Amino acid sequence: MFGKLKYRIAFTVATILALTALAACGGDSATQAPAATSAPAPQATAAPATAAPAQPTAAAQPTQAPAPRATQAPAAGQPTSPPAPTAGAGITATRAPVPASGVQETDYTPAARLLMEGGPKALAEANGESPRYGGKFLANNWEPIPFYDMHQTSFGGVYVITAPAYNGLLATSPYDELAAEIIPDLARTWDISDGGATVVFHLAEGVTWHDGAPFSAEDVKWTIERIKNPPEGMVSPRQGVFRSTVETVEVIDPNTVQLKSDGFSPLLVPLFSNGWNAIIPKHISEVDPVNAMMTQVIGTGAFRLLEPPTTTLWQFERNPDYFDENLPYLDEIEYQIIQDPQAQAAALLTQKVYFNDSIGGINFSPELAQSVADREPGLVFSPVPTITVSHFVMNGTRPPFDDIRVRQAVSDAIRRESIAELGPQAGTVGTGNFPLGPWALPKEVQESLIGYGPDMDARIANSKSLLAEYESENGEINWNNITIQCSSNITWACPNAEVVQQLLKKIDVDVDLEPLDVTAHRGNEVSGDYLMSLLGAGLDFDDPIDTFGQLYITDGGRWYQRRSIPELDELFQQQKAERDFDKRRELVWEMDKIATNDAAYLVLHWWQFNRVQWDFVKGLTSTASARTTNARMIYTWMDLPEANRTSR
Amino acid sequence: MKQYIARRLLMAVPTLIGVSLIIFVIMAIMPGDVALARLGEAANPETLQMVRDQLGLNDPWYQRYGRWVKDMITLGDLGESVFRQGVSVASLIEEHFPVTLNLAVYTMIVAILLGVPLGTLSAVRHNSWIDYFLRVFSIVGLSVPVFWLGIMIILAQVTWFGWAPAVQWVSPFDDFWDNMKRMFWPAITLGYFQVAFIARMTRSSLLDILYEDYMRTARAKGLRERTVTIRHGLRNAVIPVITVGALQLIALLGGVVVTERVFNLPGWGTLLVSGVFNRDYALVQTLVFIFAAVVVVGNLITDMFYAWLDPRIRYQ
């Protein structure tokens, strides 16, 4: 019997070994030998021969971001007084006084002028950099990619990974933390006329799509009209802002396109410097307007796909036919999709990737980012303030929150600084305007508003008094029937709600949390099926048309509180038409005061992303906008000996 | 035997139908939907509704179930992923399968190459310090969660050696050495539990056998202790180990999900987790159904192996 058994056991072992062989039979599949392993080891601390002397060396600069060159954004948690707007930074079109009619000489930003007059190297040198050509950039993205059409989603992962293949009409300076300093892209120059209601874009000549077809103004018109008036079956999340900004698009000639707005519109030019609004090829998209771009990545961008993307790897190579012969600096980009933060951290530490992601490290907690940066002197941790808010909303249509006294009582009891101090998501305290941009409310004004006073004892006393007054008229509020809805699968949402829950106990308000899946939770915010809700909102522009238009205006895109304030709506329309920046800002501040004191939509804080990248990565500044054109990586370069070409 | 196999295969049909219904119900009652996952959190109600309509998510449940089953049966590509536009479920499963198989096989090799010898050593050195050490080693292996061990291994490598495995998986046929570098630690992570389990099984099974009458007879014949242990003891002891080991191979699927996630391996586990997060019903339902089918078929094969290895066992 044992004799037979010997062969049977041997057969079993052989079967297992055969299975081993089968494992390999799966073939090479989608994942080839990692280029990352063959990438030369960057010399993080080596002094670059061509580096500008002003650049701090890695040794002298342990883990903090280098001092910003243009507009310094204070780190999160710092005092929230706004910086004085700096010359040149910010949205030109909103600040420049525009004559009532006639063609105005365009007030180009300093970065735009540098580019127009001296090319990309002039821009880099003005920012203390001497770019080198060459090298493969190892990047990582944190989300699975469902499809490739960025115009049909607000999914950040889709934007970031497809961005290198595209251009927009305009872009923002790769050195501007606010992503507001407009520079040319496909539009090399532009003229503003009709008091800011018309803009004519003069397009670059000799531009071709990655498939060789010529680019023209028809592509621009097609793109804008497709976003604005999407064909049946197409999802266009940004059609609202396009409809309110762009009235008509007219092709003047193959290299000139004219856009008109219904009256002065401060967003008419900046709209096209937002990364989302890349230009797509008409000849491909018109074949199947809804689906064609879902599965194809063909742009005019500085990089084109080297191979069809897989679920884990996107490889780009430099576009040899790129219309600006001086760009891009990199030869290749390789995007690995790594979803787990710990795996991201390991890849970053071992230079399998060079940053935690191009828009700021959405997947990293501040603690993880700091601990990773602390391990390697060449790693730089840059806390990036962003135009994304954590909000706490009270349903203004349902009692007791239909009474302003209850809302103000709740608002005054919530110490905003506690959210960043005790919750998992760092951020900057501010009101309805981004606290680090040109529209930020002055600190002394902010401190006079409900929920922002410096004396917490006085605020608590005020809250209790307001509640007592309400309850004396309407009877006691049964807080046992009121919950704070939060998203259990959003890492910071329910922990932040716990902080609010504890803060409210100081005014004897004891409410339970109601954790929900984010999709159900957001659905409740949209439909008004909630009393108190804690979640967040991502915005595209540091401009009141976007921030207030989304958050506070009646029927705005994120008008979750359902509180209509006619006075605010009126001021909103006024500021839209106001051409003088200072006057417009006065109106905006007035709006901010009204919205904050109305206390239905509370801004808990403005997020901080936690960007970590190697110090040899240059020309790639973390920005406040999560949709910065920096994701296109046109101006990114690596300060490495391997990337040693100083010209093409 | 043939009747037994036929009966088991017939029984598998209602089992798999039941499994498919359970998977479908779980995915259907799960809050959230793929429309939001595709559009991003800033999607507005109108666009959400449009995508839901396009994907048929507003249809009655029986229509959605019928459509999924029909796609699985009639379409060679198992239908289309509802999250990834224009990509078939079959192509996703095929793309990720080699990685999971690779990990599972390496893990089993680690488990058998280490588990059986360690269990044997523990049994023959019964109540010695070696036995105590190996018992602690086994208990730790059975107790430590796979995800924790994986994270600790990665952190240790990065902290002490400044090394981490390559991000992308490479087929062993393309580059065996690179493949080993990528898969060694995941296999160790996932295999530790299996090593511990098999060592424990081998030890207890061998201890039962070492004091049987026929073992005493073999010693009385003058055979060396090593010969007695290996040729007479281990051969008998290993039968339950192999059958249980085969079942463990099936159980590996659970650990594979966690290990792939921690080590960023693009296998079925990562695909499944990603599918659940993105509410990719078609993918998750099909993948879980395949897992269930593997378990059903694996159980049957194990039973057949058991009868084949031990002729005393006969199935009615």
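What the table below lists for this structure:
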read-out	value
Net lengthening on full extension, residue A:365/residue A:580 (0.36 nm per residue, minus Cα-Cα)	73.4 nm
Estimated distance in nm for a label pair at residue B:227 and residue B:251, the labels positioned 7 Å out from Cα along Cα-to-Cβ	3.7
Shielding by partners - mean other protein chain Cβ count within 10 Å, residues of B:103-113	2
Debye log10 I(q)/I(0) for the protein assembly as shown, one point scatterer per Cα, at q = 0.05, 0.09 Å⁻¹	-0.35, -1.02
Net charge over other residues, Cβ less than 10 angstrom from the Cβ of residue A:480 (K, R count +1; D, E count -1)	-2
Interface burial for B against A (accessible surface, 1.4 Å probe, total of both chains, Å², rounded to 100)	5600
Probe 1.4 Å, all protein chains present, accessible-area order of A:505, A:583, B:2, B:221, largest first	B:2, B:221, A:583, A:505
3J(HN,Hα) from dihedral phi, the stretch A:283-297, Karplus parametrisation 6.51/-1.76/1.60, rounded to Hz, x for glycine, proline	5, 8, 5, 5, 4, 8, x, 7, 10, 4, 7, 5, 10, 10, 10
Accessible area of residue A:460 in the full protein assembly, 1.4 Å probe (Å², nearest 10)	30
Computed [θ] at 222 nm, deg cm²/dmol, chain B (DSSP H ≥ 4; -39,500 (n - 2.57); rounded to nearest 500)	-25000 deg cm²/dmol
Solvent-accessible heavy-atom area per residue, rounded to whole Å², over the stretch A:531-603 at 1.4 Å	33
Whole-percent carbon and sulfur share, accessible surface of the protein assembly as shown, 1.4 Å	57
Chain B: most fluctuating residue of B:139, B:109, B:26 per GNM, C-alpha cutoff 10 Å	B:26
Other-chain or far-sequence residues with amide H under 5 Å of residue A:269's (modelled H)	none
5 angstrom amide H check on residue A:256, placed H, neighbours 5+ away	A:203, A:217
Efficiency of FRET from Cβ geometry, residue A:213 and residue A:116, R₀ 30 Å, rounded to 0.05	0.65
Accessible-area ranking of A:510, B:131, largest first, probe 1.4 Å	A:510, B:131
In Å², nearest 10: area of residue B:33 left accessible to a 1.4 Å probe	20
Inter-label distance for residue B:219 and residue B:16, nm, one decimal - labels placed 7 Å from Cα along Cα-to-Cβ	5.1
Solvent accessible area, Å² - residue B:235, 1.4 Å probe, full protein context	50
Neighbourhood net charge (12 Å Cβ-Cβ; Lys/Arg +1, Asp/Glu -1) for residue B:214	+3
Accessible area (Å², per residue) of the stretch A:327-421, counting only protein heavy atoms and a probe of 1.4 Å	24
FRET efficiency, residue B:174 to residue A:512 (Cβ-Cβ, R0 51 Å, nearest 0.05)	0.40
Spatial separation of Cα centroids for the stretch A:351-428 and the stretch B:102-175, in angstrom	39
Förster-model FRET efficiency, 41 Å R0, residue A:288 and residue A:443, C-beta, rounded to 0.05	0.20
Whole-Hz couplings from phi, Karplus 6.51/-1.76/1.60, listed for the stretch A:214-221; x for Gly and Pro	x, 8, 8, 4, 4, 5, 5, 4
Per residue accessible area in Å² of chain B, where ligands, DNA and RNA are left out and the probe is 1.4 Å	47
Leading residue at positive end of dipole, chain B (Cβ point charges), from B:195, B:129, B:98	B:129
Cβ neighbours within 10 Å from other chains - mean over B:263-276	3
Under-5 Å amide H pairs with residue A:535, H placed in peptide plane, nonlocal only	A:391, A:393
Protection proxy ranking of A:298-308, A:395-405 - average other beta-carbon atoms within 10 Å, highest first	A:298-308, A:395-405
Heavy-atom accessible area, 1.4 Å probe, ligands and nucleic acids excluded: residues of the stretch A:231-246 down by at least 30 Å² from chain alone	A:233, A:235, A:237
Gyration tensor verdict on the stretch B:89-279 (Cα atoms; rounded if a/c is under 1.5, prolate if a/b is larger than b/c, oblate otherwise)	prolate
Distance between the stretch A:151-181 and the stretch A:533-548 - C-alpha centres, whole angstrom	17
Stretchable slack from residue B:133 to residue B:9, in nm (0.36 nm times residue separation minus alpha-carbon distance)	40.2 nm
The stretch B:246-316 versus the stretch A:508-524: alpha-carbon centroid distance in Å	36
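The values are calculated or read from the model by the stated rules, or taken from the named source; none is laboratory data. Predicted model, so just to flag it, every value in this text is computed and none were measured. Virtual Cβ from ideal backbone geometry, glycine too; neighbours counted across all protein chains shown. These area figures cover heavy atoms from the full protein model, side chains too; ligands, DNA and RNA do not enter into them. Shrake-Rupley method; radii C 1.70, N 1.55, O 1.52, S 1.80 Å.
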